[in-house]
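The values are calculated or read from the model by the stated rules, or taken from the named source; none is laboratory data. Here the structure is a predicted model, which is why all the values come from computation and not from measurement. Heads up, the Cβs are rebuilt from the backbone with ideal geometry, glycines too, and the neighbour counts pull from every protein chain shown.
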Amino acid sequence: MSSIILESKQDFQDTKEFEAKDSKAFARYQLQNVRCAGCVRSIENSLKELRGVEHAEVNLALSNCRVEYDSDRLSDNEIQNLLSQKGYSPQRLQSNNFSSISFPDSSKESSNWKWALFGTLPLFLLAMGPMVNLQLPAFLNPSESPTAYVLAQWMLIFPVLWAGRDFYKNGFRSLLAGIPDMDTLVALGTGAAILWSLFSFTSILQGTSLIEAPLYLETAGVIITMILIGRYLERKSRSQATNAIRDLWLLQPSKARLVQGENEREVPSEILVQGDLIRLRPGDRVPADGLVKDGYSSLDESMMTGESLPIEKSIGDLIEAGTVNQQGTLLVEVQKVGPDTALQQIIQNVIGAQNDKIPIARLVDQFSGHFVKFVLLIAILTGGTWYSLGASWPQILEHVIAVLVIACPCALGLATPVAILVATTTGARNGLLMRNASALEWAAKAKIIALDKTGTLTYGKPQLHKMQTASNVTESEVLTLAASVEKSSEHPLAQAIINAAKQRSLVLSKAEEFLAISGLSVQAKVQNQLIQLGSDKWLQESGLNVPDNLKNQDQTSTIVHVVRDGCWIGLLECKDELRTESKAFVKFAKRQGREIAILSGDRSNAVQSAALELGVTNWRAELSPLEKAKKIEQWQDQKQLVLFVGDGMNDALSLTKADVGVTLRSGTGLALETSDAVLMKNDLRHLAGLLQLSRETIKNIKQNLFWAFGYNFLSIPLAAGVFSAWGISLNPEWAALAMALSSISVVSNAIRLRTFRIPSID
């Protein structure tokens, strides 16, 4: 895989501009105090107002943002200063230094909610005690010592206010900046309760009774405590959602066994360089990508491919960082280290995908950006309506506070990013690498699945399909002679013949005086016999007798004739076989209501044969790369979303043009760089997994949004007292609990995606 990391298709399309314009820069920052969708909108709008910022996106689930800017007009310090002024305490994340990655930390919330609970529990008991006939000490009896009773409540509310101080600091700062957020609603709601209680306290000191001047300190305390507990649980849930990223990050071992001559010593894996020799013992995790120089073993590659069975490795095989050596001992030559390893590039792509917002998320962000202002308006209308109806001030205040605290833009803001976070990390764990999050939404909606044939639907490697021999010669004899000659050739057909001989355990002879005539024939002396191998054209040009039965040969195969001392003795039909899972994948895609098409540059006979075997009626053959791309554009002009699967350099243009470009891991470097998703195992079952994961992710997001919108649609009128005539109302304490549970429910639903596994399509 190339060391160039392109985080989205747009990045690829802008690559030339990026290279031509050295001032174009990307930066990612970890942020503190990002609470809700309102914060997201506020940060994005503030960053976009800076000169030189071309694009900015905030991820609520990971609490970080990605900024694309012109370094000639804007510096990193200026960006960080702005974020600091807004109260988000930015920390620059290095793309290639994953030790700097910060995951959601719930320690602060843990401390805060405990302090809040310490004050709220006795406060609640004190305030509600007289109503439930709880016997209080005489000095705290509201009828005997109202002043002491009120002072005790004020003393108990102070630790709660201290624990919830960020609500007021951040909330009023956002309000003054004209970008109110969730903290603003909590600050206004609880602040109103505190101010009313202060007014009541002064009245009580002047002799007014508690009935005439009620306190709402326990209301403020319960609201702050409930929301702090909710945020703590939400942060814990978000931490679970990031476990997959953390697990990937921790796959890189810290130590390696460096071999120098006869000596072997343990060193930090980060100091390894290309060309180093390392020893892997059973149970060792591979510290770098490398080539096996000695030994035999099997490796657990499940973290890279989703394949549960160990993969055998011997001399000449490639191994990758993060995989686990199972049995034998291997001597490995290091080829790629640090950010160039496949593992680190997977992590980079997964992290990068989190900051790519799918179209539905952008719409939600736009709505959420105005949501808090809408709630403030509803709260004002609620207060005005109840005032006009002649309600008491305590009753008006109760409804206004309930409206302010029950509204929850947090659930809206978390609905999409948490689902994307879990889906992309779960996909990576199952061998599905998302280069950008948008691929999930488009893959779910794509109606046309267009596939290249060679290397995608087929293995991309010719195999011996059939043999025909002269009457006086056996198949084993012909294959032995042919493979003996081809030992000196690197041609794909030669490898197919040699592999077939190996499968039959044939003993090859020494070939001498090897001679190759490009595109026509090869020859060598084997056992003092001149053996020649060549194509149909060569056989005809040589004037050799062609058996009559060759007229019926498979037109989709490549023919290799075998001639011994000038006499034809047989032919080998080599064919690029369809993958065993290709037919099952086509049936799976059709069951999902998708149309399958084949776009290939191969011969018509070969493509038609593959299409007939797969049951595909929509196919095109002998297409140039440009013609493939034009066909995709034709579908798109018809408002059809297209997912294209290819693996070759000639597929790069189509991968870019398609709404979703998918390539197999065996694809060329250019195909890998231009794709939106990579199947880490060369198996179309994983393509089925990608389609299934995309559908489940979008379904999960819709469920989250349905709950978030439905919650606010029903809860706000309930809190405003719309249903009071029927005896249905919601006090502020229950409103705070409902608000906290709404965010937790959205995150918990998204976490369910962690159970996804590649489906069986057979």
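Brief remarks on what is shown
- Taking the range 568-584 as the range and being of a type in the set (D, E, K, R) and within 19 Å of residue 684 (Cβ to Cβ) as the test, the residues that pass are 575, 576, 577, 579, 581, 583.
- In the range 600-624, the residues that are loosely packed, with under 14 Cβ neighbours inside 10 Å and among the β-branched types (Val, Ile, Thr): 617
- Residue 681 vs. criteria exposed (fewer than 15 other Cβ atoms within 10 Å of the Cβ) and within 30 Å of residue 646 (Cβ to Cβ): no
- Selected residue (only one of 161, 195, 151 is over 26 Å from residue 396 (Cβ atoms) and at pLDDT 85 or above): 151
- Some residue of the range 242-259 being surrounded by fewer than 20 Cβ atoms within 10 Å (Cβ to Cβ), modelled with pLDDT of 80 or more, assigned to a strand (DSSP E or B) and not β-branched (Val, Ile, Thr): yes
- Of all residues in the range 43-70, those that are on the phi > 0 side of the Ramachandran plot have Cβ atoms under 6 Å from Cβ atoms of residues that are in a strand (DSSP E or B) and crowded, with 20+ Cβ neighbours inside 10 Å, 6 or more apart or on another chain, in 52/69.
- Total residues in the range 457-512 satisfying the condition of being closer than 27 Å to residue 665 by Cα and of a type in the set (S, T, N, Q): the figure is 6.
- For the range 220-237, residues that are crowded, with 24+ Cβ neighbours inside 10 Å and either among the aromatic types (Phe, Trp, Tyr) or modelled with pLDDT of 80 or more (or both) total 6.
- Within the range 529-556, being polar (S, T, N, Q), modelled with pLDDT under 90 and over 54 Å from the mean Cα position of the chain (by Cα) holds for 540, 542, 545, 549.
- Check on residue 45, in a helix (DSSP H, G or I) and at pLDDT 85 or above: no
- Those helices (runs of 4 or more DSSP H) lying entirely in the range 372-479 with at least 3 residues crowded, with 22+ Cβ neighbours inside 10 Å, aliphatic (A, V, I, L, M) and at pLDDT below 85: 393-406, 409-415, 417-429
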